[in-house]
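Below: one structure, written as structure tokens.
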Amino acid sequence: MSIQVAVNGYGTIGKRVADAVALQPDMDLLGVAKTRPNHEAELAVENGYPLYAAIEERVGLFEEAGVELAGTVGKMVDAADIVVDATPSGTGADNKSLYDDYDTPALYQGGEDAALVDTSFNARGNFDAAEGADHVRVVSCNTTGLSRLLAPIQEEYGVEKARITLVRRGGDPTQSGRGPINDILPNPVSLPSHHGPDVNTIFPELSIDTLGLKVPATLMHTHSVNVTLESTPDAADVRELLDEQSRTFLIPESSAIDGAGKLKEFAMDRGRPRGDLWENCIWAESISMEGSDLYLFQAIHQESDVVPENVDAIRAVFGTADAEESVELTNETMGMGL
Ligand code: NAD
């Protein structure tokens with residue numbers, strides 16, 4: 001029997017997760033909930049996704065706009081086997097009691113506190129931890145990117161210390177109110193940034209320090225990575241290891257891709273929905289070893305790398321597949337691999 005999945009919050013992450021769930025042979029997209037009858041609400045209806053009002057008092061707004069509703073969010077949560085909460089940071093915490101009222105397990109996104117949930121989740125890092133959990137947090141875009149990178153490195157070579165500088169986009173392309181517009185901001189100024197502790201929600205023992213900057217860009221984040229290893233492999237070995245991972249894309253030197261702009265163009269040229277890049281994009285020639293220090297650059301598409309992770313987290317909660325089976329199925333159905 002297919003897992004009945006509801007998505008509460010149909011914005012940047014929610015609409016992508018809804019599309020990915022709809023592609024899964026073992027899941028049905030039961031519906032999506034929205035607060036307002038905007039263009040994304042119309043898109044849900046056009047896609048044939050049952051649309052629910054997230055706020056009961058606003059049902060009239062949908063009626064006035066001529067956007068057809070299947071009901072209100074309580075009905076959707078009641079009927080679902082699991083809810084993916086993709087509402088803005090902090091709103092997931094407000095919604096927790098709603099999911100508890102209907103005894104429906106929920107996935108939350110990286111904007112929520114780790115303390116809200118039974119476990120944080122990354123498919124490559126700790127798939128099994130989510131089995132049977134009622135509240136699971138799929139870690140943020142940056143933490144997902146770091147977890148996917150550090151898991152194989154830790155397993156293969158051992159990590160003495162990871163030091164990462166995250167150059168973060170100021171906002172998503174649609175977030176017209178965010179910035180900076182003309183500045184480079186240490187963010188936060190005090191160390192460490194929250195990303196290191198967040199990676200520790202997946203790998204509690206890993207020694208990692210992170211620093212963050214915010215820049216006037218919208219397309220992707222870029223990570224400058226230095227990991228002191230417990231052994232001294234050749235750069236070529238590390239390149240091969242990272243190439244073997246199913247959610248990494250090693251950008252070949254020959255592609256002449258110099259940054260996020262060309263990466264997004266590459267994805268759009270290849271027909272990726274919304275120009276999404278679900279994989280960590282690692283510049284192959286940046287992978288270097290100096291003694292036991294590994295260096296590399298990777299770009300992370302903040303709007304989409306967590307999407308396959310949400311799909312895997314659903315299977316992880318119900319124990320319907322192991323990590324390898326789930327990742328393979330998600331990758332195949334979504335068309336992962338560049
Ligand atoms: P978003 O603002 O694009 O989308 C959120 C949607 O939820 C909007 O459509 C909003 O109208 C709706 N909403 C607001 N209140 C609601 C409520 N009470 N009930 C139902 N819907 C409600 O935000 P987003 O970027 O998709 O972020 C969602 C979550 O994903 C956050 O926790 C965020 O930190 C996390 N996340 C975002 C990114 C990113 O770069 N965009 C990356 C990874 C994780």
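The values are calculated or read from the model by the stated rules, or taken from the named source; none is laboratory data. Nothing here was measured: the structure is a model prediction, and the numbers come from that model. All Cβ positions, even for glycine, are placed from backbone atoms using ideal geometry, and neighbour counts span all protein chains on display. Calculation scope for accessible area: heavy atoms of the full protein, side chains included, ligands and nucleic acids excluded. Shrake-Rupley method; radii C 1.70, N 1.55, O 1.52, S 1.80 Å.
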So, how do all the Cα-to-Cα distances of the chain break down into 10 Å bins, in percent, from 0 on up? 6, 26, 34, 24, 9, 2, 0
Enter the accessible area per residue of the chain (Å², integer; probe 1.4 Å; all protein chains in place). 42 Å²
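Which of the residue pairs Lys15/Lys264; Lys161/Lys264; Lys15/Lys96 have a Cα-Cα distance greater than 22 Å in the structure shown? List each step's numbers first, then the result.
Working: Lys15/Lys264 19 Å; Lys161/Lys264 31 Å; Lys15/Lys96 20 Å.
Result: Lys161/Lys264 exceed 22 Å.
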Dividing the helical contributions, -39500 (n - 2.57) per DSSP H run of n ≥ 4, by the residues of the chain yields a 222 nm value, nearest 500 deg cm²/dmol, of -9500 deg cm²/dmol
Assuming 0.36 nm per residue, please report the length gained on full extension of the stretch Asp100 to His194 beyond their Cα-Cα distance. 31.0 nm
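Which percent, nearest 5, of DSSP beta bridges in the chain are antiparallel?
Values: 23 of 58 bridges.
Antiparallel bridges: around 40 percent, rounded to the nearest 5.
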I need the calculated FRET efficiency for the pair Arg270 and Leu116, taking r as the beta carbon distance and R₀ as 51 Å, to the nearest 0.05. 0.90
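Could you check how much of the accessible area of segment 138-205 is carbon and sulfur, as a whole percent, using a 1.4 Å probe?
Details: 1640 of 3200 Å².
Taking all protein chains in place, segment 138-205 shows 51 percent carbon and sulfur surface.
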Sulfur and carbon atoms: percent of accessible area, segment 223-338 [1.4 Å]: 46 percent
R0 of 30 Å, Cβ-Cβ distance Leu185-Thr228: FRET efficiency to nearest 0.05: 0.60
